Structures are given as C-alpha cells and as structure tokens.
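Once you've had a glance at the structure underneath, I'll fire off some questions.
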Ligand code: FES
C-alpha cells in the first residue's frame, strides 16, 4: 500500500450534526478535505466512517498519520 498524502500539519475542525454519518478521507487526495470525495478509487484506500452521536465540533486528522482515525491524535506535531 502506498502512503497517504499529507494534506495539512494541523487538524481540520468541523461542526457535525447529530445522527449523521461522515466519511473521512484516508488517502489525502480528496478536494473536499477532511471528507472523502471518491478520489481514492483505484487505490487501496477506503474512507473511514464517523458517526456523530451529538452535534459538536470535531477535529479531523489532516496529516493522515493519526493512530486514532479519523480524529487528530497530535501525530502532526
Ligand atoms: Fe480519500 Fe476517499 S478521497 S478516502
């Protein structure tokens, strides 16, 4: 498997709606970061589903190095 593209060295903050599913881009090629836009097709990457249980602000990983996908764990530092 090839490595994911680094999008940014800081997380992307998003305000999510409760009861909604989000699909985080794992490959780094999406033009709609931090979410998947289908650009991973033809690669080994698949998006990671995130289910919002409540409406709140969440920090998604943008360096794609996090060990707790899809959320930032500070690995970009
Ligand atoms: Fe990156 Fe879908 S575009 S995982």
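Computed from the coordinates by the stated procedures, all read-outs in this text should not be read as laboratory data. Not measured: the values here are computed from a predicted model. Note that each Cβ is placed from the backbone with ideal geometry, even for glycine, and that neighbours are counted across all protein chains shown.
Just give me the residues in segment 63-77 being over 12 Å from the mean Cα position of the chain (by Cα) and in contact (Cβ under 8 Å) with a residue 24 or more places away in the chain, in sequence order.
76
Something else about it: Tally the residues that are farther than 14 Å from residue 58 by Cβ and either away from the ligand (no atom under 11 Å from the Cβ) or surrounded by 13 or more Cβ atoms within 10 Å (Cβ to Cβ) (or both), restricting the search to segment 11-32.
7
Would you pick out the residues in segment 1-10 that are within 13 Å of the ligand (Cβ to nearest atom) and surrounded by 11 or more Cβ atoms within 10 Å (Cβ to Cβ)?
4, 5, 6, 7
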